[in-house]
Amino acid sequence: MIRYILQRLLLLPFLLVAFSIVVFAIVQAPPGDFLTTYVATLASSGTSISAEHIAALRHEYGLDQPVVVQYLRWMQNLLSGNLGLSLEYQRPNAELIGEQLALTVVLALFAFVVTWIVAVPAGIYSATHQRSAFDYVFTVINYVGVATPNFLLALVLMWVAFAYFGIGITGLFSSEFVNVPWSLARVVDLLQHVWLPALVLGIAGTARLTRVMRANLLDELNKPYVMTARAKGLKEWRLVLRYPVRLAFNPLVSTIGWYLPQLFSGSLIVATVMNLPNIGPLLLRALINQDMYLAGAILLIYCFLTIIGTLISDILLAWLDPRIRMEN
Amino acid sequence: MGLGMLPIRTATEAGAAQPLLSVRDLRVTFAMDEGVVRAVDGASFDVLPGQVVGIVGESGCGKSVTMRAILQIVDKPGRIAGGEILFRRRLGQAGAETEETVDLARLPPRGSAMRSIRGAEIALIPQEPMAAFSPVHTVGEQIIEAILLHWRQWRPDGRPLSRTEARQITGDLFRDVGISMPDQRVDAYSWQLSGGLRQRAMIAMALSCKPRLLIADEPTTAIDVTTQAQVLALLRDLQRKYGMAIIFITHDLGVIAQMASYVVVMYLGRVMEEGPVDEIFHAPKHPYTRALLRSMPSLYGQARVALPVISGSLPHPFNRPSGCPFHPRCGDVLPGRCASRVPSLQPVGERQSASCFLYHDVADPA
Amino acid sequence: MVAATPVTSEAEERISVASNWTLVWWRFRKHRLALFSAAVLIGFYAVVLCPDFFSTQDPELTDARQAFIPVQGLHLLDDNGFNPWVPSVAGKRNPVTLRMEWTTDPERKVRAGFFVPGYSYRLFGLIQTKLHFVGAIDQGQRIFLLGSDRLGRDQWSRIMHATQTSMTIGLVAVTLSVILGVVLGGISGYFGGLADQVIQRMIELLQSVPTIPIWLALSAALPRDWTPQQVFFAITVILSLVGWTTLGREVRGRFLALREEDFVLAADLAGASQARIILRHMVPTFLSHIIATSSLAIPVMIISETSLSFLGLGIRPPAISWGVLLQEAQNIQTLALAPWLLTPGLLVIVAVLAFNLVGDGLRDASDPYSH
């Protein structure tokens, strides 16, 4: 088991190097660089900037170096924990990302918890009460949930709240808590706000997970070991929870591998629509302005979160399923 | 494994004791989208205490469904549609126990009365030992669970059983069923055991609560022939040791000859013929039993001669023949009679009965 | 009962000689909802074929004086029976907010009709025509079946054109994914060895990529001066680059399993060429499955495109897609004023729902061993 985890951990740096190359290639790809965009923005507002000044700036940021050198310099900085300077904000990227990253993780984890709390019981109920009224209701909700892009759901909720109740439901904090240091009151305020975006973010995943749970459990309920357990004289609900649910859980745990990453990257859209403090909108802005080191840093963070998500799911699965645990 | 082997007889069988289990006119139906399937259609037979009854028939003849009906674990959409399953259950403390006859068909399937019979009074050895254990729980865990569930079977004085004690019992059971290194094997997962060991563990689980009736549903079909012989020998030994009754379901007549003292032949959910094993094998009365026996290869038979087969094929479940279910494939069909009316089970010998119009001397009494 | 026997065997005979596709169709037919959804999708693709025919006016026609006109619901009947009409609208400028405020007046009817002449366009890009499915009888009159946006463009007609883009993108991107998935997955599964190793690592890498941010970054990398056609194609490529991995895995798995099957060995021993073994013996066994999987992948593509375009990094104006239209609904104040701007979202849900239902129906129908 420990060996298995170590193996996965050893792979991590290699994956990160691979990702860093891909990410750098992507942020490098657009024609021109931050300065061209910057100059264009200045020009459209009527200000001009001298060619020497541009050249000086370009040299300062290392934008005149060959791509490979730029990449190596970036990597060197990253390894020493320096995420670089945002070209647009003229502030260290680490500072810009800092708190937003924590809130991104909080939002995703919240959505994750909401999903599991809803999906697992709903799936168990649907499978054990196949073709009951609730099963049909869940099925309809599931189909619609999967079919609704979460930005659309966010839009509709915001519109209904605004048009019919006259309230805004954007942001993660009440106005008095936006720019203050952390305190207990701020945490409470966060908890009061985070559940709605978490719900919006988690709805499609909840729907999908309910279906996975239902299908898995239906499969397991027909297996011979269920009959064996029944023939022992176990109570029906105890039997269902102890055997088929326990087994149906394993494929569900393996969904964490794609679900957590999906929540991290999905939060980008919800956060943009609902105006949440999150690394997503920051990335969007950085991409549009070609603030390449900021974009690169955030993309790399997304990759890292994704790898962590997969790692957690692998470890959990090995811990839960003796067949996997003993194989390694 | 031919007819030459002598079946095992047990001492408890002697004397016309009161039956332990008495199935009367049992009907089990499955309501499917396409129509209702009558999987068991009026089956009747008795099991005496300590008797080994073999139930034989082609696949789909309703033998497994009958067994599940006895345990009230018929899967949806199946349900017991009629008949009685009378079982004499033990009541009270060991030593001073009384008996009470209950009709299992009337008990709610998920009720506590039925659950206290499952496992403790009637245990099941399922068909596929491979899948009959949960792969994520150790074998021991699953047996200990059963022991703790019916702990009164081990502690008549009412003192609860601890987990450690239950584990101890499991180890002893493993030793009883011939599993080597029993204490390590308790912590093994089913997929770490060989087919034979798995089946032994399954037998240990079935025995774990000292049942009076063991239902073995084709316990040897999924394992290879040498192991099969060992498992059968083990079952015979255990039967002698514990004196429980066994219902042995199989489509293998050789196994029946080896194991059972009394045989029930089923076809399409009905009992065709039943009787002591010698009579069934040496003096079969029903045309179906005769056809079954003829289609079995014999050591003394002539070489290079095609085995006779039963003509026609098993009808589709939605397309049950009217009258005697076997009549479309029967060589001795009585025109006008077999196709229109269902024969009832009539005595054809001292302890043998058959449901066939050939033996209804008088005009149909049913 | 006796007479019934030959009937059953006839039915059984029919089943045993039916081709795999006939069997899939018979089973699919049983799913009412899937069948209904298939009909809905056919409707969608009719619009895709000729959006202009279904439009009432030129989708780019702007008129600042006709901004945010509310929905003029189409009524089929009036007091004299079948006689389609829409209520007329009247605008009044609010003296305080200086905003036009529109009211519909059902008393004053604007005559509408089916198969009426309107603006001129080329059917399938070839035939010059003025015929439209629905429109105002009086050609000079603009009617807004789904209201108008902030520039006074007709939402209904824009939705028709957006449908063409969005539904095509889903289809094209999935087609690309299928080609990539089948070819690479096939190579990986059939030949194994080094090719398998390389492709497997590639799939693993792509699957552990955070999709939405990478999509965004790739789309942001597209040059600003590309034509809408170029952007459209680039977006489909981006979507399918990440999308093929699931299918690739599946195809590989099937190939691995089939390679060990006796019928493949038999074909090999009979001297069939490798291409023949793959195309005639192996692919047909999982083709229906691939189709089912792809029809379940299309909705994912549609949602992705819509999300990308909504964030401003997908399809760009002047091209129109559902996501581009929904960009107009980004502002909550505007939305409160003109809720009909959300209608493209409804279409997204309907289309995705229909694809999912059809896909589920196909998947159930294509698996011969499940009942």
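The values are calculated or read from the model by the stated rules, or taken from the named source; none is laboratory data. Predicted model only: the values in this text are computed from it and were never measured. Glycine gets a Cβ as well: all are built from the backbone with ideal geometry, and neighbour counts include every protein chain shown.
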When only residues in the range A:125-138 that are buried (at least 21 other Cβ atoms within 10 Å of the Cβ) and not aromatic (Phe, Trp, Tyr) count, which is farthest from the other protein chains (Cβ to nearest Cβ)? A:126
For residue A:48: the one exception among (1) surrounded by 18 or more Cβ atoms within 10 Å (Cβ to Cβ); (2) among the hydroxyl-bearing types (Ser, Thr, Tyr); (3) not assigned by TED's automatic domain parsing to the domain that holds residue A:305: (1)
Which residue pairs have Cβ atoms under 8 Å apart, sit 6 or more places apart or on different chains, and have a first residue in the range C:166-184 that is in contact (Cβ under 8 Å) with a residue 24 or more places away in the chain and a second that is basic (Lys, Arg)? none
May I ask you to list pairs of residues, at least six apart or on different chains, whose Cβ atoms are under 7 Å apart, with the first in the range B:149-165 being in contact (Cβ under 8 Å) with a residue 12 or more places away in the chain and the second being in a helix (DSSP H, G or I) and of a type in the set (Phe, Trp, Tyr)? B:161/B:151
All but one of (1) over 24 Å from residue B:238 (Cβ atoms); (2) within 14 Å of another protein chain (Cβ to nearest Cβ); (3) touching a Lys or Arg at 6+ places or on another chain (Cβ under 6 Å); (4) among the acidic types (Asp, Glu) hold for residue B:84; which doesn't? (2)
Within the range C:207-230, the residues that are surrounded by fewer than 19 Cβ atoms within 10 Å (Cβ to Cβ) and within 14 Å of another protein chain (Cβ to nearest Cβ) are C:207, C:223, C:224, C:225, C:226, C:230
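Can you tell me which of A:233, A:266 is at pLDDT 85 or above, on the phi > 0 side of the Ramachandran plot and within 7 Å of another protein chain (Cβ to nearest Cβ)? Step through it out loud before you land on a result.
Values: A:266 fails: on the phi > 0 side of the Ramachandran plot.
Matching residue, one of A:233, A:266: A:233.
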Pick from the range A:139-165 the residues that are more than 7 Å from every other protein chain (Cβ to nearest Cβ) and buried (at least 22 other Cβ atoms within 10 Å of the Cβ): which of them is farthest from residue C:307 (Cα to Cα)? A:142
Filter the range B:216-249 down to the residues that are β-branched (Val, Ile, Thr) and without any contact (Cβ under 8 Å) to a residue 24 or more places away in the chain, then identify the one that is farthest from residue B:68 (Cα to Cα). B:226
Within the bounds of the range A:252-272, is there any residue that is over 26 Å from residue A:152 (Cα atoms), buried (at least 20 other Cβ atoms within 10 Å of the Cβ) and touching a residue at least 60 places away in the same chain (Cβ under 8 Å)? yes
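Can you work out which of the residues in the range B:173-195 that are part of a helix (DSSP H, G or I) and small (Gly, Ala, Ser) is nearest to residue B:237 (Cα to Cα)? Steps first, answer last, please.
Narrowing the range B:173-195 to residues part of a helix (DSSP H, G or I): B:173-176, B:182-185, B:190-192, B:195.
Add one more test, that the residue is small (Gly, Ala, Ser), and what stays is B:190, B:195.
On the way: B:190: 24, B:195: 20 Å.
By that ranking, first place goes to B:195.
So which helices (runs of 4 or more DSSP H) stay within the range C:314-371 end to end and still have 1 or more residues that are within 30 Å of residue C:22 (Cα to Cα)?
Numbers: elements: C:322-327, C:332-337, C:343-366.
Qualifying helices (runs of 4 or more DSSP H): C:343-366.
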With the structure loaded, tell me whether residue B:43 is buried (at least 21 other Cβ atoms within 10 Å of the Cβ) and either over 27 Å from residue B:240 (Cα atoms) or facing chain A (nearest Cβ under 10 Å) (or both) or whether it fails that test. yes
If we scan the range B:196-206, do we find a residue that is surrounded by fewer than 19 Cβ atoms within 10 Å (Cβ to Cβ) and either closer than 21 Å to residue B:70 by Cβ or modelled with pLDDT under 90 (or both)? no
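Collect the residues in the range B:140-175 that are farther than 25 Å from residue B:89 by Cα, more than 11 Å from every other protein chain (Cβ to nearest Cβ), under 28 Å from the mean Cα position of the chain (by Cα) and not basic (Lys, Arg), keeping them in residue-number order.
Let us first name the residues in the range B:140-175 that are farther than 25 Å from residue B:89 by Cα, namely B:140-141, B:162-165, B:167-168, B:171-172, B:174-175.
Now drop any that are not more than 11 Å from every other protein chain (Cβ to nearest Cβ), which leaves B:140, B:162-165, B:167-168, B:171-172, B:174-175.
Remaining after also requiring under 28 Å from the mean Cα position of the chain (by Cα): B:140, B:171-172, B:174-175.
Within the range B:140-175, B:140, B:171, B:172, B:174 meet the criteria.
Of C:313, C:342, which residue is within 11 Å of chain A (Cβ to nearest Cβ) and buried (at least 20 other Cβ atoms within 10 Å of the Cβ)? It would help to see each step written out before you state the result.
Working: C:342 fails: buried (at least 20 other Cβ atoms within 10 Å of the Cβ).
Exactly one residue qualifies, and that residue is C:313.
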With respect to residue A:9, determine if the residue is outside any helix (DSSP H, G or I) and either within 14 Å of chain C (Cβ to nearest Cβ) or touching a residue at least 12 places away in the same chain (Cβ under 8 Å) (or both). no
Tally the residues that are on the phi > 0 side of the Ramachandran plot and touching a strand residue (DSSP E or B) at 6+ places or on another chain (Cβ under 8 Å), restricting the search to the range B:240-274. 2
Residue under question is residue A:249, and the condition is that it be within 11 Å of chain B (Cβ to nearest Cβ), outside any loop (DSSP other than H, G, I, E, B) and in contact (Cβ under 8 Å) with a residue 24 or more places away in the chain; does it hold? yes
Considering (1) within 14 Å of another protein chain (Cβ to nearest Cβ); (2) buried (at least 21 other Cβ atoms within 10 Å of the Cβ), say which one residue B:116 fails and leave the rest. (2)
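Are there any helices (runs of 4 or more DSSP H) wholly within the range A:279-328 with 3 or more residues that are surrounded by fewer than 19 Cβ atoms within 10 Å (Cβ to Cβ) and more than 7 Å from chain C (Cβ to nearest Cβ), and if so which? Spell out how you get there, then give the answer.
On the way: elements: A:279-288, A:292-320, A:322-327.
Once the helices (runs of 4 or more DSSP H) in the range A:279-328 are filtered for at least 3 residues that are surrounded by fewer than 19 Cβ atoms within 10 Å (Cβ to Cβ) and more than 7 Å from chain C (Cβ to nearest Cβ), what remains is A:292-320, A:322-327.
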Using the structure shown, decide if residue B:98 is β-branched (Val, Ile, Thr), in contact with a strand residue (DSSP E or B) (Cβ under 7 Å, 6 or more places away or on another chain) and over 20 Å from residue B:166 (Cβ atoms). yes
Does at least one position in the range B:90-103 carry a residue that is within 14 Å of chain A (Cβ to nearest Cβ) and under 19 Å from the mean Cα position of the chain (by Cα)? no
With the requirement that a residue be in contact (Cβ under 8 Å) with a residue 24 or more places away in the chain and within 19 Å of the chain's Cα centre (by Cα), what does the range C:310-336 give you? C:314, C:315, C:316, C:319, C:320, C:321, C:322, C:323, C:324, C:325
